[in-house]
1. Which residues, counting only those in the stretch 292-303, are surrounded by 24 or more Cβ atoms within 10 Å (Cβ to Cβ) and more than 24 Å from Val59 (Cα to Cα)?
2. Just to verify a result, which residue in the stretch 17-39, among those that are exposed (fewer than 15 other Cβ atoms within 10 Å of the Cβ) and over 17 Å from Ala106 (Cβ atoms), is farthest from the ligand (Cβ to nearest atom)?
3. Filter the strands (runs of 3 or more DSSP E) completely within the stretch 76-146 down to those with at least 1 residues that are within 20 Å of Glu51 (Cα to Cα).
4. Report whether or not Thr45 is surrounded by fewer than 18 Cβ atoms within 10 Å (Cβ to Cβ), at pLDDT below 95 and not in a loop (DSSP other than H, G, I, E, B).
5. For the stretch 239-248, give me each residue that is part of a loop (DSSP other than H, G, I, E, B), modelled with pLDDT under 95 and farther than 17 Å from Asp140 by Cα.
6. Just to be sure I understand, how many residues within the stretch 270-299 are under 19 Å from the mean Cα position of the chain (by Cα) and either within 8 Å of the ligand (Cβ to nearest atom) or part of a loop (DSSP other than H, G, I, E, B) (or both)?
7. Picking from Glu306, Glu204, Glu311, which residue would you name as being in a strand (DSSP E or B) and away from the ligand (no atom under 16 Å from the Cβ)?
8. In the set Arg190, Arg289, which member is within 24 Å of Ala162 (Cα to Cα) and in the same structural domain as Tyr24 (by TED's automatic domain parsing)?
Amino acid sequence: MSETRHTKILIIGSGPAGYSAGVYASRAMLEPILVQGIEPGGQLTTTTEVENWPGDTEVQGPDLMVRMEAHARAMGCEIIGDIITSLDLQKRPFTAQSDSGTVYTADAVILCTGARAKWLGLPSEEKFKGFGVSACATCDGFFYRGQEIVVVGGGNTAVEEALFLTNFASKVTLIHRRDELRAEKILQDRLYKNEKIEPLWFHEIDEVIGADSPLGVEGVKVKHSKTGQITEIPCKGVFIAIGHAPASELVKEQLETHHGGYVVVEPGSTRTAIPGVFAAGDLTDHIYRQAVTSAGMGCMAALDAEKFLAEHE
Ligand SMILES: Cc1cc2nc3c(=O)[nH]c(=O)nc-3n(C[C@H](O)[C@H](O)[C@H](O)COP(=O)(O)OP(=O)(O)OC[C@H]3O[C@@H](n4cnc5c(N)ncnc54)[C@H](O)[C@@H]3O)c2cc1C
């Protein structure tokens, strides 16, 4: 028989947004329940060095997330290893079904289900993820000072990442499978004027190549999309910039989304269009997508939820 648990605040997701919301909601004596999902700790558990988390010159992503979890627990947040499989936001209390069979009912819900970078899907890309292959120039560009880099993609993100990476790299090759970019014209103009960037048209990555010990990228094999000819480009970093997919499946029929699935919140807050439902972190953010901004939004969501509950009790 399935168990039903009621909570004042249900936090869905265990990345920086979820754990920060857990810390703040616990300290407000709201006894939140946090459901971790399939990836306890979120995206940062898939990386190595993080150098832009304030207070830590360098920290390993998984270690940081273990500390965040311990912090939320220590403040009184109940953290459950489970996955929310469906969510009914049509009436309060809101109802969440979970993979374990437990049904959670909640007076307020904080959605922190994050986002996923889209990858090419190559085994060699997987092998070097975090060791030369990245999907975040803001996070990892600094590691490639004076090095050659390739960026894959043709939209705004790819062009912005390529331009940003010229602050560090000696050369940036932008690999695109067509011969024109989808990026806005103004970005294209900046790209073409930048002497450090060389576009490589009609190509896609066939394989990321590198050393096994220590693990690290040394180049990419690229395939001409018309002739099939393979050539090699030496580089130390490979940035995949083909888009992100927010994890909004649970709510996409119930809440407004934009920019390809990101949950819409009221500007300057974490309030969604449904009173009592809040969203934070990468799930709502197609621009910054950082641990520190996600944590900040998690804090905002807990404070917004606390205010909402106080007004509705
Ligand atoms: C390889 C890599 C390196 C990065 N490096 C940096 C860096 O150096 N610095 C930096 O600031 N940022 C970095 N980022 C970005 C940073 O990780 C994200 O901005 C941040 O993790 C977003 O936090 P979040 O809490 O919004 O969601 P996420 O970290 O995406 O976590 C989402 C959570 O939601 C849970 N979830 C999803 N669906 C469900 C469900 N149905 N039920 C229950 N739970 C669910 C998942 O299990 C997960 O715990 C990096 C990202 C990647 C991928």
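1. Ala301, Ala302
2. Arg27
3. By residue number, 115-117.
4. Numbers: surrounded by fewer than 18 Cβ atoms within 10 Å (Cβ to Cβ): yes; at pLDDT below 95: yes; not in a loop (DSSP other than H, G, I, E, B): yes.
Yes.
5. Hits for the stretch 239-248: nothing passes.
6. Number satisfying all stated conditions: 19.
7. Details: Glu306 fails: in a strand (DSSP E or B); Glu311 fails: in a strand (DSSP E or B).
One residue alone meets the criteria, Glu204.
8. On inspection, the qualifying residue turns out to be Arg289.
The values are calculated or read from the model by the stated rules, or taken from the named source; none is laboratory data. If you're wondering where the values come from, they're calculated on a predicted model, not measured in any experiment. Cβ coordinates were reconstructed from backbone atoms using ideal geometry, including for glycine residues, and neighbour counts include every protein chain displayed.
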